[in-house]
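The values are calculated or read from the model by the stated rules, or taken from the named source; none is laboratory data. Here the structure is a predicted model, which means the values were calculated and not measured. Backbone-built Cβ (ideal geometry, glycine too); neighbour counts: all protein chains shown. Keep in mind that these areas ignore ligands, DNA and RNA; they rest on the heavy atoms of the full protein, side chains included. Shrake-Rupley method; radii C 1.70, N 1.55, O 1.52, S 1.80 Å.
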Amino acid sequence: MINSSDLTLTAIGTDIKRKSADTLVLGVLKNGDKVSIAASPFSADVTTELEKSLTLIGVGGKADEVALLPAVEETKAKVLMFIGLGVKELSELDAETLRRAAGSAARQMSNAKSAIYALPADTTERVAAIAEGIALGSYRYENLRTAANDKPVLAEAMVATDAATSKDLPDALKRAAILGRAVRATRDLINTPANLLYPESFAQAVKDYTKPLPLKVTVMDEKRLAKDGFGGLIGVGGGSARQPRMVKVEYSPAKAQKHLALIGKGITFDTGGISLKPPAGMHAMKSDMSGAAAMFQTICAVAELGLDLKVTAWLCLAENMPGGASTRPGDVITMFGGKTVEVLNTDAEGRLVMADGLAAASEEKPDVMIDMATLTGAQMLALGLRTAGIMGNEQVRDDLVAASDEAGELAWAMPLPEELRPSLDSQVADLANIGERMGGMMTAAVFLEEFVGEVDGAKIPWAHIDFAGPAFNEGQAWGYTPKNGTGSQVRTLVAYAEKLAGTR
């Protein structure tokens, strides 16, 4: 189920003549009519001739633009691959631009098992960005094909850099490999169809994947969920023949001083329940478990990095189907912890399973709680398809936005207007599962906040990430982002965890 091939990332010096590879990747800048190779490893004469060739074939240096030329005598590589950097001058390059360029080259590399990347990489930060981009871009989902693809997958990538002997570089490359592996594994889970990935099989995949890691996994089946009062999960999953699960994953290093709780929405398929969704595009609802997949791989990455931070992930897994035992519009369910919710729309199900997760996580009194979900279409209306919305405690929210900036992901801080809460009032229960339609992304977060517990009379610091758009790419691939599952926000959450642990 999680079968993404691994990738070896190394750094070499800028004298690339002795190294063999299938492909040599070079960056292209264009300023006006002038095309230039960024940080060319070749002699001045060879560089000039190559730049003339690029001009003749109309290379524009735009992001994602690729051109191939035969290799030259000054390299043992078989093919030269030129990737547009999307900027005019070297001074305009930042880490994310390099990350996307390296990832785009890896994504579009169709006939190479090995590659040398000779992009501008004069610092450890730039090498790390390039390596991370390669690890993110070299992804292919072919787990279910009966015929093997005859195009090789990139297995070895070497980054040419003057910083090859830097003492910080091995850790930077290790981190890039771990992040890439976590994101690719997240994509594998998201791309797996719902007839193969359902609550029980998802739980088994978690158990199988974590065997070599210092993680404890507890799977709560439908009987235990009913006994312990997880009304949200039972209510949402009741209409499916595949019963819900709560999967708790724990990482508890001895020196940890803080505790981070991660709660992920894991609706393995969402029909909308009795409030049935329109059929067009429903196939993409296999991605409604992206939050759980990302939270799962975040805790795996934290464990691989060996952070001194206690992390607990709560994966709220259910399949939302219409059936004889489905929750009906107007039903009242009792959530974990005792609050009652009137279900006015069964397609607002994600917040119900997440509420159970938040309430359960609160009982352990963590220092910070973060939940993440493909929760609302309103998120896409407000922020588009590439930018996640982050709401909640202002400090946690703003720290997460800062972490996303550092990671190169897109996120935006959103408020929780107090006037939205009355719209969730119910005539028969503590609250309703839907409220004000305008600002629906924020209304959903206001609902979730009701289930955030308190410590010493104060709310546990908490943030909610809605990434309905960024989690699944139904458009064209770009940069290191493929079509379908993206693995969005894993890198942001790892960067946040590193800061909480005091390592960044």
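Data for the structure
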| read-out | value |
| --- | --- |
| Condition met for Thr503 (under 22 Å from Cys300 (Cα atoms), surrounded by fewer than 17 Cβ atoms within 10 Å (Cβ to Cβ) and among the polar types (S, T, N, Q)) | yes |
| Flag for Leu29 being under 28 Å from Ala182 (Cα atoms), within 36 Å of the chain's Cα centre (by Cα) and of a type in the set (A, V, I, L, M) | no |
| Within the range 41-153, strands (runs of 3 or more DSSP E) holding 2 or more residues that are without any contact (Cβ under 8 Å) to a residue 60 or more places away in the chain and surrounded by 21 or more Cβ atoms within 10 Å (Cβ to Cβ) | 79-84 |
| Filtered residue count, the range 205-229, keeping only those that are of a type in the set (S, T, N, Q) and surrounded by 15 or more Cβ atoms within 10 Å (Cβ to Cβ) | 1 |
| Residue count, the range 173-200 (criterion: over 17 Å from Lys265 (Cβ atoms) and out of contact with any strand residue (DSSP E or B) (no Cβ under 7 Å at 6 or more places or on another chain)) | 14 |
| Test set (1) in contact (Cβ under 8 Å) with a residue 24 or more places away in the chain; (2) over 18 Å from Gly392 (Cα atoms) - Ser404 fails condition number | (2) |
| Subset of the range 23-35 (residues that are over 21 Å from Arg99 (Cβ atoms) and crowded, with 19+ Cβ neighbours inside 10 Å) | Val35 |
| Of the criteria (1) part of a loop (DSSP other than H, G, I, E, B); (2) under 16 Å from Val490 (Cβ atoms), which one Ala185 fails | (1) |
| Failed criterion for Ser426 (all others in (1) buried (at least 20 other Cβ atoms within 10 Å of the Cβ); (2) assigned to a loop (DSSP other than H, G, I, E, B); (3) touching a residue at least 24 places away in the same chain (Cβ under 8 Å); (4) not basic (Lys, Arg) hold) | (1) |
| Pairs where the first residue, in the range 299-315, is of a type in the set (Asp, Glu) and the second is open to solvent by less than 10 Å² (accessible area, probe 1.4 Å), C-beta under 9 Å, 6+ apart | Glu304/Ile178; Glu304/Ala182 |
| So Asp347, is it open to solvent by 40 Å² or more (accessible area, probe 1.4 Å), over 17 Å from the mean Cα position of the chain (by Cα), assigned by the TED database to the domain that holds Glu363 and touching a residue at least 12 places away in the same chain (Cβ under 8 Å) | yes |
